[in-house]
Amino acid sequence: MKRKTDLFDLSGKVALVTGGGRGLGKAITLGLARQGADVVIASRSLENCQQTAREVEQMGRRAFAFGCHMGRWDEIDRMVESAYGQAGTIDILVNNAGMSPVVDSSLETTEKLVDAVWALNFKGPFRLSALVGARMAADRGGSIINIGSIASKRPQPEYAPYAGAKAALNALTRAHAFEYAPKVRVNAILPGSFRTDIARHWAPDKEAKTPAALKRFGEPDEIVTTVLYLASDHSSFTTGALIGVDGGRP
């Protein structure tokens with residue numbers, strides 16, 4: 001029997017994490033590395049990716065940092081080719097990069113903002129999952145994990161564009177689960193409110209007013225175990241699932 005610490009052993013695996021240089025993405029990147037995975041880290045901020053890569057390398061794992069706008073297909077295409085060239089393969093893809101701007105009203109929301117939100121939260125994951133998923137299906141398989149949002153199921157007017165894009169990501173999760181089956185599993189995690197760097201910009205009393213059953217925000221590390229489950233062979237019969245990690249949001 002495996003020891004508890006070995007349950008999610010990812011030795012010999014390579015993971016690609018978008019938005020992996022900070023916040024939830026960084027916690028996910030470091031969590032995968034702790035379990036033995038080499039990690040490709042991609043985001044718009046190459047500096048953040050390089051800093052996180054250094055932390056991964058201190059664990060004895062390989063790390064590859066790429067500056068890439070995850071809403072632009074030409075940049076995604078180049079990054080994927082470079083990632084395969086340097087890392088050799090990708091066994092785990094975590095589509096984490098995203099943006100969640102708050103708007104005053106739908107009427108005042110600009111086309112530019114909607115396009116930006118759609119590009120980063122849906123169009124980018126669509127392209128990246130297609131490029132990586134097709135290779136996984138043609139090779140030894142793998143796991144794709146989309147980081148969605150509980151907003152996709154509980155939309156509010158102030159973040160309607162974001163909620164809509166994440167709802168589309170839910171649909172994509174199901175579609176790709178069928179398209180790349182049976183060798184590739186595709187699932188989504190729907191986080192609630194987490195205490196990341198973004199939380200500094202929220203109202204001071206937001207956490208006290210949270211409707212979550214646990215009456216608090218999540219800590220970044222609290223999403224990692226769910227990622228490890230979906231990345232490992234222990235979730236071999238789980239695909240097309242939308243898993244809430246939200247502290248019990250009503």
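Throughout, read-outs are computed from the coordinates displayed, never taken from laboratory work. Predicted model, so just to flag it, every value in this text is computed and none were measured. Counting neighbours? That spans all protein chains shown, and the Cβs are built from the backbone with ideal geometry, glycine included.
Between amide H atoms placed 1.01 Å from N, distances below 5 Å from residue 65 occur with 41, all of them 5 or more places distant or on a separate chain. What's the center-to-center distance, using Cα atoms, between segment 148-201 and segment 84-99 in Å? Computed from Cα coordinates, the inter-centre distance equals 18 Å.
Between residue 158 and residue 202, full extension at 0.36 nm per residue minus the direct alpha carbon distance yields a gain of 14.5 nm. Close amide H partners of residue 244, meaning residues 5 or more places away or on another chain with modelled amide H under 5 Å apart, are 190.
Computed over the chain with a Gaussian network model linking Cα atoms closer than 10 Å, the most mobile of 99, 136, 79 is 99.
Segment residue 236..residue 34, full-extension length gain: 70.6 nm, with 0.36 nm per residue of separation and the alpha-carbon distance subtracted.
In this structure, the residue pairs whose Cα-Cα separation is over 23 Å, taken from 26/166; 153/206; 112/206, are 112/206. In order along segment 229-243, the phi-based Karplus estimate (6.51 cos²θ - 1.76 cosθ + 1.60, θ = phi - 60°) of 3J(HN,Hα) comes to 4, 6, 6, 8, 6, 5, 10, 4, 10, 10, 8, x, 8, 10, 10 Hz; Gly and Pro are listed as x. Computed from label points 7 Å out along Cα-Cβ, the spacing between residue 195 and residue 104 is 3.3 nm. This model, with +1 at the C-beta of Lys and Arg and -1 at the C-beta of Asp and Glu, gives the chain a dipole about its Cα centre of some 520 debye. Rounded to the nearest whole Hz, the Karplus-based 3J(HN,Hα) values (6.51 cos²θ - 1.76 cosθ + 1.60, θ = phi - 60°) of segment 88-97 follow the sequence x, 7, 9, 9, 9, 10, 10, 7, 10, 4, with x at glycine and proline. Net charge of the neighbourhood of residue 88, taken over other residues with C-beta under 15 Å away and scored Lys/Arg +1, Asp/Glu -1, is +1. Between segment 229-250 and segment 111-145, the C-alpha centres lie 19 angstrom from each other. Evaluate the relative contact order of the chain (contact order divided by residue number), counting alpha-carbon pairs under 8 angstrom at least 6 apart; express in whole percent. Averaging sequence separation for qualifying contacts and normalising by length gives 18 percent for the chain.
Our coupling estimate for segment 171-179, obtained by passing each phi through the Karplus curve with A = 6.51, B = -1.76, C = 1.60 and θ = phi - 60°, is 5, 4, 4, 5, 4, 6, 4, 7, 5 Hz, Gly and Pro reported as x.
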